[in-house]
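Asks: The structure's right below; bear with me while I get my questions together.
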Amino acid sequence: MQEHNRGQWGSNLGFLMAAVGSAVGLGNIWGFPYKMGKTGGFAFLIVYLALVLLVGIVVMLGELALGRSTGKSPIEAYGALKAKYKIVGVMAIISPFVILCFYCVLGGMVMRYMLGFLVSIFGADGFSGQGDGFFGYLLYDYKGMILFFIIFLVVNMGIIMGGVQSGIERFTKIAMPALAVCLVIIIVFVAMQPGAKGGYEFMFKPDFSVFSDPDIGFFGVLKTAAGQMFFSLSLGMGAMITYGSYLSKKESLQRNSLIIPIADTVIALMAGMMVMPACAAYGIDFGKGPGLLFASMQGVFLDGMGGTIGNVMGFLFYFLVFIAAITSSISLLEACSATIIDKQIAKGKAPRRKTAAGIFTLCIFILGLPIALDALGSGGALVKAPYELMGLEAGGAGYAMWNDCWLDFYDLIAEGILMPLGALLMSLIFGWVVGPKYIYDECEQSGHPFKFKPYFDVCFKVIVPIIMVVVLYAQITDFF
Ligand code: PHE
């Protein structure tokens, strides 16, 4: 009865596509290449892959199992284990909210590029005469930034208002495979450009020199890779708990918790193999930062492919990145909205999905404004930088630039602190208090025996907590 009210996935494939759709997004395509570019290429890649294996898969299983066993959104799901654990659930919905504030600004930028290529196909100048340098121009085009931020927010809200099956599921089934195909085409094209080799070397040739870089070091790489891993896999917060809560007992949790991280990691690697060689071929610094994807792809579409083909491919690419971003942002908004929906159901009221999504969208718009108006910390912004408001010094040592830029500041709160902390608490709860058996029992409900108990025991009890403490330590020392 209650399940009927909340909504449920139509099939396991539908769930998988939606979960992979949540995982695969701007994190993979925009975040992964630029973070890898900033923190040493190969060294980052190795640390990232290790984290997916030791932490990502484990936390994924824990969150899906918690969602499905309780059938509830994050706060109530943790509360069902023990009333005082509700606080972990509260953290789990602050993260998606904070992420949405910058995610939708970035999503708007993706739409702006998509439109730029679309009108260029028909002979107009879609990039305001700026061509390759459009990124720098767009950041200061505040009206444009806000307009596209709003468009992205409205599309996002519309889908969530549509509900679990008709909205989310239908959308993701087609978009995810199409994105993979588009990536392959661009990877092959980039591979054929002179100089592309440098990008593969950066990613795959063993080199750990970044560990001795005083501004980054091992801790710098570890915390960047950890934050990226949580962000990219949609973990350490409410999204997977919420999606798990709509999953039928018949499906194998252990299989799904492997497929989602693998698919996500493959797409991130593909994005790396698209962006890094493109940087090498078009002379863009790997460590350029958040503008890396946009800059390198302008090189590919405008200079490399050029002409109508370049414009068509550019449009197609940004269209699919936009879809990937939307399938992620809807899971973020769903994680927030489901909380209110569950509250209404608990009070015996009919759930008001539309109102919930609408209220959150408005709040996200307001809190996202500083991100749209500070030119991503490039200086000369319309709003004061975080450090000015907090009376701190500008910049900070080398790598720690969070106090210059609102996007980095929001990102630090979510993927830097709340997500590792959420994963730490979850692993402690399942490792030591409730016991991992809770998760294995839930997995076995589908009739599939759970085969990897010893591995998961060690991960829940020891490995995940230790790594999370180290990550948080690295984060905190950086903060002060
Ligand atoms: N994983 C998404 C991405 O890579 C972002 C996201 C984070 C979505 C957390 C849901 C929850 O873009």
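The values are calculated or read from the model by the stated rules, or taken from the named source; none is laboratory data. Here the structure is a predicted model, which means the values were calculated and not measured. We place every Cβ from the backbone using ideal geometry, glycine too, and count neighbours over all the protein chains shown.
Asks: Can you run down the residue pairs with Cβ atoms below 6 Å, 6 or more apart or on separate chains, where the first is in the stretch 359-381 and in contact (Cβ under 8 Å) with a residue 24 or more places away in the chain and the partner is surrounded by fewer than 24 Cβ atoms within 10 Å (Cβ to Cβ) and of a type in the set (Gly, Ala, Ser)?
Replies: Asp374/Ala381; Ala375/Ala381
Asks: Give the stretch 201-234 a look and list any residue that's more than 16 Å from the ligand (Cβ to nearest atom) and in a loop (DSSP other than H, G, I, E, B), or say none. Write out each step before concluding.
Replies: Initial filter on the stretch 201-234 (more than 16 Å from the ligand (Cβ to nearest atom)): 201-223.
Selection gives Lys205, Pro206, Asp207, Phe208, Asp213, Pro214, Asp215, Ile216.
Yes or no, residue by residue, for (1) crowded, with 23+ Cβ neighbours inside 10 Å; (2) in a helix (DSSP H, G or I); (3) touching a residue at least 60 places away in the same chain (Cβ under 8 Å); (4) touching a Ser or Thr at 6+ places or on another chain (Cβ under 7 Å):
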residue: Ala280; (1), (2), (3), (4): no, yes, yes, no
residue: Lys288; (1), (2), (3), (4): no, no, yes, no
residue: Val300; (1), (2), (3), (4): yes, yes, yes, no
residue: Met313; (1), (2), (3), (4): no, yes, yes, no
residue: Leu316; (1), (2), (3), (4): no, yes, yes, no
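Condition check ((1) modelled with pLDDT under 90; (2) touching a helix residue (DSSP H, G or I) at 6+ places or on another chain (Cβ under 8 Å)) across all residues:
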{"residue": "Ala346", "(1), (2)": "yes, yes"}
{"residue": "Lys349", "(1), (2)": "yes, no"}
{"residue": "Gly358", "(1), (2)": "no, yes"}
{"residue": "Leu362", "(1), (2)": "no, no"}
{"residue": "Gly395", "(1), (2)": "yes, yes"}
{"residue": "Gly416", "(1), (2)": "yes, yes"}
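Asks: Quick check on this structure: which one of Ala225, Ala180, Ala196 is touching a Phe, Trp or Tyr at 6+ places or on another chain (Cβ under 9 Å) and among the small types (Gly, Ala, Ser)?
Replies: Details: Ala180 fails: touching a Phe, Trp or Tyr at 6+ places or on another chain (Cβ under 9 Å); Ala196 fails: touching a Phe, Trp or Tyr at 6+ places or on another chain (Cβ under 9 Å).
After applying the criteria, what remains is Ala225.
Asks: Just to check your reading of the model, which residue among Ser248, Ser257 is under 22 Å from Pro74 (Cα atoms), assigned to a helix (DSSP H, G or I) and hydroxyl-bearing (Ser, Thr, Tyr)? Please lay out each step first, then the result.
Replies: Numbers: Ser248 fails: assigned to a helix (DSSP H, G or I).
That would be Ser257, the only listed residue that is under 22 Å from Pro74 (Cα atoms), assigned to a helix (DSSP H, G or I) and hydroxyl-bearing (Ser, Thr, Tyr).
Asks: Among the residues of the stretch 235-268, write down those that are within 16 Å of the ligand (Cβ to nearest atom), more than 17 Å from Ser427 (Cβ to Cβ) and modelled with pLDDT of 90 or more.
Replies: Across the stretch 235-268, the qualifying residues are Asn256, Ile259, Ile260, Ile262, Ala263, Asp264, Thr265, Val266, Ile267, Ala268.
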